[in-house]
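The values are calculated or read from the model by the stated rules, or taken from the named source; none is laboratory data. Because the structure is a prediction, the values reported are computed rather than measured. Positions of Cβ are generated from backbone atoms using ideal geometry, with glycine treated the same way; all protein chains shown enter the neighbour counts.
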Amino acid sequence: MPIVKRSKKWSWRSSPNTPSFTRANRRAYMASALLASWAGTYLDLYFVGKGLYTFPKRPFPSVFSIDIFFTAIVLPLGTVLFLAFMERLGRIGRAAAILSLSALISAFESKAEEVGWFIHTPEWSHWYSLVGYGVFLAMIWKCYRRFQRMD
């Protein structure tokens, strides 16, 4: 029975063009998703507490004043998808993606108001959302890059 040996040229490492999911990378994804969830929760609590917006349709309305489903499920999953997308872009592409996603999320926020998921006070301007989402996404990206370098 012949014995087959593994070639010394064989390598399990991924090519430089494909994202590697090393332990540090997985930790950075998890830490960034948790940071996004935490920041989104506290920002929502702050703005709801100030009375600038409300969530009329939310899970467990007697317990939470915010949409906990969004901050605990949607935001972390969206963050991971956002980071995976951002890794494939260059510097200018990342800046364009942040601007585009901020505009898209702000537009979705307006549609969510029409459906009744979200209500802003008349003092609210959707420009606040556009700028706020841009800062939020840029912050999450920067923190993700720092989390990657921590290992």
(1) surrounded by fewer than 13 Cβ atoms within 10 Å (Cβ to Cβ); (2) of a type in the set (Phe, Trp, Tyr); (3) under 19 Å from the mean Cα position of the chain (by Cα): which one isn't true of TYR128, the others all being true?
(1)
Going through (1) within 18 Å of the chain's Cα centre (by Cα); (2) in a helix (DSSP H, G or I) one by one, ILE66 fails only at (2)
Taking the range 104-124 and keeping residues touching a residue at least 24 places away in the same chain (Cβ under 8 Å) and acidic (Asp, Glu) leaves GLU123
Here is a check on your reading of the model: is GLY93 of a type in the set (Gly, Ala, Ser) and on the phi > 0 side of the Ramachandran plot?
no
Select from the range 37-64 the residues that are closer than 13 Å to ILE119 by Cβ and either among the hydroxyl-bearing types (Ser, Thr, Tyr) or modelled with pLDDT of 95 or more (or both) and write down the one among them that is surrounded by the fewest Cβ atoms within 10 Å (Cβ to Cβ).
THR54
